[in-house]
Amino acid sequence: MLTAHLAAAAQGPGFLSPTGVEIAFVLVGLATLGAAVITVNTKQLVHAALWLVVALGGIAVEYLLLTAEFIAWVQVLIYLGSVVVLLLFGLMLTKAPIGRSPDADSNNRWVALGVASVAAAALVWVVVDAFRTTWIDLDGPAQGSTKVSGEILFQHWVLPFEALSVLLLAALIGAIVLSRKDDAPTADGAAPAGQAATAATAAPDESKGQR
Amino acid sequence: MHLAYPAVLAALLFCTGLYGVLARRNAILVLMSVELMLNAVNLNLVAFDVWLRDTLHAGQALTLFTIAIAAAEIGIGLAIVLMVYRNRGTSDVDRLRDTAEGHEPDQNAARPEVAA
């Protein structure tokens, strides 16, 4: 009896007795993957951006299930809050068609499908073979709470953090320069494009400042 | 939790993004697929950080840095796409063949006043 119990403990938790966290992770993962597949397949460009919201939100839930709550909220703030809005602005400013656009996929989509399938098969095979007997211990204190993240970020990662703020400033200035009108009287429709792009680009910088 | 679940999900998301980058024609949809690939990498980083219980939490710090760099990348990328659209009248990556060799000339070259 005792030896059987020890053998079962040495094997770790089995595949056939999933915990609640695992069930939730797999269900949210299926929803995320489905939304991602629709994002890269749909013919309606605006719908692709909206399905991207579902996929990114699903990844935020996966971060929460992995006890990395601070990264989950950063994901919600930056990706769902600013990146998707920026993409929608880009779709509007490039006059993307609202309805179905049959030429959304290029001619080499079957080659792309083959490359992606081969890559997926190879990666999944290698990953499953390598981590077949590895378990994450999610018990104990949360690994990614805001307190832990702030401490490690401002104790060990201060220099990359500050370098990153310089990079964001450079990106902001670059976006302003790129989307600025060169000669004023030529293009009238370009002015709101430049202003909207720069205003939306400022959003990641602000949300980074809140960290 | 079994480590294979987040790792397999990240691999499949990455390959979905790879398909989108290769198959999409609109430059903004290509940028969306790039975001999917970056998110797959972030999920991998967080999962392995939680598994290894790293005292420096390098995975989570790198995830935050990747998110910030992705925000900068999407800003610059959209500015470039808007500039290309303003100059060429299209944002389809298939039609931007100025640097390709051995193809017929770009159909936008017929109207140089737009490309000026």
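The values are calculated or read from the model by the stated rules, or taken from the named source; none is laboratory data. Everything quoted here is computed from the prediction, not taken from an experiment. Don't worry about glycine lacking a Cβ; one is built from the backbone with ideal geometry, like all the others, and counts go over all protein chains shown. These area figures cover heavy atoms from the full protein model, side chains too; ligands, DNA and RNA do not enter into them. Shrake-Rupley method; radii C 1.70, N 1.55, O 1.52, S 1.80 Å.
Numerical summary
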{"item": "Index of the failed condition, A:A112 passing every other in (1) over 28 Å from B:A11 (Cα atoms); (2) surrounded by 14 or more Cβ atoms within 10 Å (Cβ to Cβ); (3) of a type outside the set (F, W, Y)", "result": "(1)"}
{"item": "One residue from A:A68, A:A49, A:A35 being surrounded by 18 or more Cβ atoms within 10 Å (Cβ to Cβ), among the small types (G, A, S), more than 9 Å from chain B (Cβ to nearest Cβ) and in contact with a helix residue (DSSP H, G or I) (Cβ under 6 Å, 6 or more places away or on another chain)", "result": "A:A35"}
{"item": "Failed criterion for A:I136 (all others in (1) at the interface with chain B (Cβ under 10 Å from one of its Cβ atoms); (2) open to solvent by 60 Å² or more (accessible area, probe 1.4 Å) hold)", "result": "(2)"}
{"item": "Sole exception among (1) touching a strand residue (DSSP E or B) at 6+ places or on another chain (Cβ under 9 Å); (2) of a type in the set (S, T, Y); (3) in contact (Cβ under 8 Å) with a residue 24 or more places away in the chain for A:T94, by number", "result": "(3)"}
{"item": "Complete set of residues in the stretch A:102-133 that are part of a helix (DSSP H, G or I), closer than 27 Å to B:V46 by Cβ, facing chain B (nearest Cβ under 8 Å) and of a type outside the set (G, A, S)", "result": "A:V115, A:L123, A:V124, A:V127, A:V128"}
{"item": "Residue selected from the stretch A:71-98 under the condition assigned to a loop (DSSP other than H, G, I, E, B) and open to solvent by 40 Å² or more (accessible area, probe 1.4 Å), by the criterion farthest from A:A35 (Cα to Cα)", "result": "A:K95"}
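This table checks each residue for (1) surrounded by 24 or more Cβ atoms within 10 Å (Cβ to Cβ); (2) more than 7 Å from every other protein chain (Cβ to nearest Cβ); (3) without any contact (Cβ under 8 Å) to a residue 24 or more places away in the chain.
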{"position": "B:G20", "(1), (2), (3)": "yes, no, yes"}
{"position": "B:R25", "(1), (2), (3)": "no, no, no"}
{"position": "B:L36", "(1), (2), (3)": "yes, no, yes"}
{"position": "B:N39", "(1), (2), (3)": "yes, no, no"}
{"position": "B:I74", "(1), (2), (3)": "yes, no, no"}
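Results for (1) touching a Pro at 6+ places or on another chain (Cβ under 6 Å); (2) modelled with pLDDT under 95; (3) aliphatic (A, V, I, L, M), shown as yes or no for each residue.
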| site | (1), (2), (3) |
| --- | --- |
| A:P13 | no, yes, no |
| A:L33 | no, no, yes |
| A:V37 | no, no, yes |
| A:T42 | no, yes, no |
| A:L45 | no, yes, yes |
| A:A55 | no, no, yes |
| A:F70 | no, yes, no |
| A:Y79 | no, yes, no |
| A:V85 | no, yes, yes |
